[in-house]
Each structure stands twice: as structure tokens, then as C-alpha cells.
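Q: Supplied in C-alpha cells, the structure appears directly below.
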Amino acid sequence: MNSSEDLRIIRFIDGFHYSFEILDYAYLSLHDTCCLIGEDNSNLIPALAKCWTFIDSVHRIRALADSVPGLSKRDKNYRQFYNETKPAKDFRNYIQHLRTELSKKTINPFPVWGSLAWVNKDDSSLSHIVIYGGQIENQKYSGCVFDMEKQDWVSKVSLVIKDLSIHFDPVYKDCITFKNFIIPWLDNHYKQDIKRISGLKIIDVKMLPMGNPVTRRD
């Protein structure tokens, strides 16, 4: 099948589009959410949820990139993205096999869901590490990494588990760089008109007293 007529391209466009949208949803408010943890400890859960949603989204984008019809694995854009976002794969594998990880006799001294650290919103010289979960002997935590050469933090938010670390800012930047390549690439490789819905279409289903549903499309 000619790639310009391959309907799978449309499916990949949707797959990428919503994966990047979910990535934005998790990342763009992640730092702000972390900064609220000190004021209200209940913000720990939204912060961790955004961290792991981010990781899952990057992992999904990597998987999609690996399967795009017609995209060469030698493409420099693909290779750069795939190499730079490997931490997401490592974290995803860790959480996917969490049962096995927690069953090991050799205890991982880091928090099960990762050591979470962030840079202070008002004082860029200050960073924070949250202490949470069950505390064990020789418990370990890890903070944000400061680049002495650039005199700046590698990322405003970081997550560390033993020998795994993910710095969200540079990984997000790599994802957006790849997005700016792959979406136009897909559009250019499907020459037919792609029908896109402008605005969401909502279908209402209401149950009548006799139990017969009535369907209405707005």
C-alpha cells in the first residue's frame, strides 16, 4: 500500500496528538503542583500522579515512534528522541514490574514511588526533597541536580529511584522537539484530505421509564 494512502497514518496522527496533549497536561503544571506540597501535603498525590503520567506518556510516544509506517530508524530526529528519552522506558519498566521489585530480598532504599525533588518557585538557589512513605533503615533520597558549568538546575523537578533518574525539563524539551518533527512528517506522508472534527461531538443516551434508550447526537 502506498504510504500516502495508508490509513494507519491517520491512526498514528491521533495516537501522537493525544499522547502529546496528555504529556502537556502532566508536565505544564507539575512544578507548580510540587511547590504546593509544603503548604498542603495532599498535593503530593497530584504531583506523583503527574510524574508517572508524564513517564507513561513519554513511554507511549516512544512506542508509537518505533512503529510509524515509513519512518526510518536511521532518521536523526527519531534517533535523538529515542536516545534522550530512555529514562522514561527505564522508569516504566520499573513500575510495570513493581511486584517483582518489591519482592526482592535486596531492598531498594529509595521510596517505592521515587524520591521527588523540585526547585523553589521564589528562590532559584533553593530546592526541596519530600520525605514520605514508610521509613526503613538506610532510607535514601535524592535531590535536584545543579549543573556547575551552566550554573543552573538540570530540571525544576526530578524523580529518582536507586540508579534511575528522570529530569523532567530536558525530557519534555526532547519530546516537543520530536513532536515538531513527527506531526508535520505524518501530515506530509498522507496526501488525502484528513477529516478532522472541529469541536467535540457529544452523544446523549437517556433511559426512558420503560427502559428503552433514546440516542441523540448534538
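The values are calculated or read from the model by the stated rules, or taken from the named source; none is laboratory data. If you're wondering where the values come from, they're calculated on a predicted model, not measured in any experiment. Virtual Cβ from ideal backbone geometry, glycine too; neighbours counted across all protein chains shown.
Q: Which of the residues belonging to segment 123-137 are among the small types (Gly, Ala, Ser), part of a loop (DSSP other than H, G, I, E, B) and surrounded by 11 or more Cβ atoms within 10 Å (Cβ to Cβ)? Before you say what the answer is, go through the steps one by one.
A: The first filter runs over segment 123-137 and keeps only residues among the small types (Gly, Ala, Ser), leaving 124-125, 127, 133-134.
Narrowing the set further to residues that are part of a loop (DSSP other than H, G, I, E, B) leaves 124-125, 133-134.
Across segment 123-137, the qualifying residues are Ser124, Gly133.
Q: Right, another one. Based on what the data block shows, is Lys191 surrounded by 10 or more Cβ atoms within 10 Å (Cβ to Cβ), of a type in the set (Lys, Arg) and either farther than 17 Å from Phe12 by Cβ or at pLDDT 95 or above (or both)? So that I can check it myself, show each step before the final result.
A: Numbers: surrounded by 10 or more Cβ atoms within 10 Å (Cβ to Cβ): yes; of a type in the set (Lys, Arg): yes; either farther than 17 Å from Phe12 by Cβ or at pLDDT 95 or above (or both): no.
No.
Q: Out of curiosity, is Ile22 under 17 Å from the mean Cα position of the chain (by Cα) and either modelled with pLDDT of 95 or more or under 24 Å from Glu84 (Cβ atoms) (or both)?
A: Values: under 17 Å from the mean Cα position of the chain (by Cα): yes; either modelled with pLDDT of 95 or more or under 24 Å from Glu84 (Cβ atoms) (or both): yes.
Yes; evaluated as a whole, the condition is true for this residue.
Q: A follow-up question, please. Among the listed residues Gly15, Gly70, Gly38, identify the single one that is at positive phi and either crowded, with 17+ Cβ neighbours inside 10 Å or not aromatic (Phe, Trp, Tyr) (or both).
A: Details: Gly15 fails: at positive phi; Gly38 fails: at positive phi.
Going through Gly15, Gly70, Gly38 in turn, the sole match is Gly70.
Q: While we're looking at this one, here's another question. Condition (residue is closer than 19 Å to Arg79 by Cβ and in contact (Cβ under 8 Å) with a residue 40 or more places away in the chain) applied to segment 148-161: is it met by at least one residue? Please lay out each step first, then the result.
A: At the first step, the residues of segment 148-161 found to be closer than 19 Å to Arg79 by Cβ are none.
Checking segment 148-161: not a single residue is closer than 19 Å to Arg79 by Cβ and in contact (Cβ under 8 Å) with a residue 40 or more places away in the chain.
Q: Here is a list of conditions, (1) touching a helix residue (DSSP H, G or I) at 6+ places or on another chain (Cβ under 9 Å); (2) at pLDDT below 80; (3) not hydrophobic (A, V, I, L, M, F, W, C), and Gly211 meets all of them except one; can you say which number that is?
A: (1)
Residue-by-condition table, conditions (1) in a helix (DSSP H, G or I); (2) buried (at least 16 other Cβ atoms within 10 Å of the Cβ); (3) small (Gly, Ala, Ser); (4) over 15 Å from the mean Cα position of the chain (by Cα):
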position: Ala47; (1), (2), (3), (4): yes, yes, yes, no
position: Thr53; (1), (2), (3), (4): yes, yes, no, no
position: Arg74; (1), (2), (3), (4): no, no, no, yes
position: Thr106; (1), (2), (3), (4): no, no, no, yes
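Q: Being under 17 Å from Tyr25 (Cα atoms), touching a residue at least 12 places away in the same chain (Cβ under 8 Å) and either in a loop (DSSP other than H, G, I, E, B) or not β-branched (Val, Ile, Thr) (or both) is the filter here; which residues of segment 168-181 pass it?
A: Across segment 168-181, the qualifying residues are Phe168, Asp169, Pro170, Tyr172, Asp174, Cys175, Lys179.
Q: Any idea how many residues of segment 55-72 are assigned to a helix (DSSP H, G or I), among the aliphatic types (A, V, I, L, M) and more than 8 Å from the chain's Cα centre (by Cα)? Break it down into steps so the answer makes sense when it comes.
A: Step one: of segment 55-72, the residues assigned to a helix (DSSP H, G or I) are 55-65.
Still in the list and also among the aliphatic types (A, V, I, L, M): 55, 58, 61, 63-65.
If we keep only those that are more than 8 Å from the chain's Cα centre (by Cα) as well, we get 61, 63-65.
Matching residues across segment 55-72 total 4.
Q: One residue is enough: does segment 58-77 have a residue meeting the conditions at pLDDT 95 or above and under 17 Å from Ser158 (Cβ atoms)?
A: Checking segment 58-77: at least one residue is at pLDDT 95 or above and under 17 Å from Ser158 (Cβ atoms).
Q: Here's another thing I want to ask about it. Considering segment 27-38 alone, what residues qualify as being at pLDDT 95 or above, over 16 Å from the mean Cα position of the chain (by Cα) and assigned to a loop (DSSP other than H, G, I, E, B)?
A: Leu36, Ile37
Q: Every residue in segment 150-188 that is more than 30 Å from Tyr132 (Cα to Cα), of a type in the set (Lys, Arg) and at pLDDT 95 or above, please.
A: Lys179
Q: If you check Glu101, Glu149, which single one turns out to be assigned to a loop (DSSP other than H, G, I, E, B) and not hydroxyl-bearing (Ser, Thr, Tyr)?
A: Details: Glu101 fails: assigned to a loop (DSSP other than H, G, I, E, B).
Sole residue among the options that is assigned to a loop (DSSP other than H, G, I, E, B) and not hydroxyl-bearing (Ser, Thr, Tyr): Glu149.
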